[in-house]
Amino acid sequence: MTETIPATDRPLQTPERGIHRTYQLRRLPDNQEEQPYTLFNVKPLGPIIGAEITGVDLSRPVSPELQSELNRALLEWKVIFFRDQAITSKQQRDFALLWGELETHPFLPPGDTQDVVRFTSDERRRGGANNWHSDVSWRLTPALGAVLRLIEVPPLGGDTLWVDAAAAYDNLPDEIKARIDGLQAVHDFTHNFGRRLSPEQLAVKQQEFPAAIHPVVRTHPETGRKTLFVNSDFTSYIIGLEPEESEQLLQVLFNQFLIPEYQVRFHWEPNSVAFWDNRATQHYAISDYYPHRRVAERVAIRGDRPY
């Protein structure tokens, strides 16, 4: 008689070498049908994630009807892009406010407008966001999304990648899905932003932003899709597992975000704007332009507690 090993006790399997995989690539939830957009044009940059929006001027007021249709595009494409938007920081902030209350980032330098942070990379400071991550997952209520505008673009490089966290979940083996069902993980800023702080500063910030506990698989509050919600920047460990087992399982989950079929790559131009759903994606800012200068401003929209 063959002994049946419970799913939680089985060793993790790696794909066989030389095997070409096929993937389940769903852009929309199963119960949602394709609908046309009526107030702007959409140019898909990939089959499941990423689309350029044309016919919208972000320097002008956005009507409720336009905001509603843009929100549908955001949910369906996970990240949407606008080019040639000569807007100010305040106009960028006003646009983001249409989606809810904004939040400031305690570890990033501010821009000239309230709630706006500025990223400057040059010969003195290299780009530092070249890890797959979900913004501020260490908050109890991670950001709903963010609006990023490029002010200065390097002559070459500096692209950003986004990955569909629902596709990452959908294509997990069934035994891994069963293994992570109901598990929770700890998210902490300490081993990232904490490295820049003195021990005294770190203690203050840890008191202000204690480690957050989130489900390994979250449910998107608007689309209902399950998304993989762990990231290599901020997820420390999975609760209830031995450290080695937790790290091994996390590495398997992190690797899901490395698969190109789930990704889109955006090449920035001056005055390009990206708006992404932080609940449905992770992103990676490519740091390949040193010593050239790259300046961006970002506004983040407060989210809700993952479930």
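The values are calculated or read from the model by the stated rules, or taken from the named source; none is laboratory data. Here the structure is a predicted model, which means the values were calculated and not measured. Don't worry about glycine lacking a Cβ; one is built from the backbone with ideal geometry, like all the others, and counts go over all protein chains shown. Accessible surface areas use protein heavy atoms only, side chains included; no ligands, DNA or RNA. Shrake-Rupley method; radii C 1.70, N 1.55, O 1.52, S 1.80 Å.
Worth pointing out:
- Computed 3J(HN,Hα) for the stretch 179-189, one whole-Hz value per residue from the Karplus formula 6.51 cos²θ - 1.76 cosθ + 1.60 where θ = phi - 60°, is 5, 9, 4, x, 6, 10, 10, 9, 10, 8, 7, glycine and proline marked x.
- Taking other residues whose beta carbon is less than 12 angstrom from the beta carbon of Trp138, and scoring Lys, Arg as +1 and Asp, Glu as -1, yields -2.
- Bridgeable lysines around Lys78 (alpha carbons under 19 Å apart, same-chain partners fewer than 8 residues away excluded): Lys43, Lys226.
- Candidate cross-link partners of Lys205 among the aspartates and glutamates, defined by an alpha-carbon separation under 15 Å and a same-chain spacing of 8 or more, comprise Asp188.
- Between Leu202 and Glu33, residue separation times 0.36 nm minus the direct Cα-Cα distance comes to 56.0 nm.
- Candidate aspartates and glutamates for bridging to Lys90, where Cα separation is under 14 Å - those fewer than 8 sequence places away on the same chain excluded: Asp112, Asp115, Glu297
- Restricted to Cα atoms, the stretch 54-205 shows a radius of gyration and a Dmax of 18.3, 50 angstrom.
- Low-density loop cleavage sites - trypsin sites (Lys or Arg not before Pro) in the stretch 78-160, where at most 16 other Cβ are within 10 Å (DSSP): Arg83, Arg124, Arg125, Arg126
- Protein accessible area in the stretch 77-156, 1.4 Å probe - carbon and sulfur %: 50 percent
- The calculated FRET efficiency for Lys90 paired with His267, based on their beta-carbon distance and R0 = 35 Å, is about 0.85.
- Between the beta carbons of Asp304 and Thr22, assuming R0 = 30 Å, the FRET efficiency works out to 0.30 to the nearest 0.05.
- Stokes-Einstein diffusion of the stretch 128-268 at 37 °C, 0.692 mPa s viscosity, Kirkwood radius from Cα pairs, rounded to a whole number: 198 µm²/s.
- Ratio Rg/Rh [Cα only; Rh per Kirkwood] for the chain: 0.97
- Computed with the Debye formula from one identical point scatterer per Cα of the stretch 189-307, without solvent, the log10 of I(q)/I(0) at q = 0.16, 0.17 Å⁻¹ comes to -1.11, -1.23.
- Rolling a 1.4 angstrom probe over the protein heavy atoms with all chains in place gives the chain an accessible area of 50 Å² per residue.
- Estimated from helices alone, the mean residue ellipticity of the chain at 222 nm is -5500 deg cm²/dmol (sum of -39500 (n - 2.57) over DSSP H runs with n ≥ 4, per residue).
- Residues with amide H under 5 Å from that of Ala185, placed H, sequence gap 5 or more: His214, Val216, Ile239
- Isotropic mean projected area of the C-alpha convex hull, the stretch 99-167 (nm²): 6.4 nm²
- Other residues within the sphere of radius under 10 Å centred on the Cβ of Thr54, judged by their own Cβ, net out at 0 (K and R +1, D and E -1).
- Projecting the Cα positions of Asn231, Ala296, Tyr262 onto the charge dipole of the stretch 178-301 (unit charges on Cβ atoms of Lys, Arg, Asp and Glu, taken about the Cα centre) puts Ala296 furthest along the positive direction.
- Approximate spin-label separation Ser59-Asp288, in nm, with each point projected 7 Å along Cα-to-Cβ: 3.2 nm
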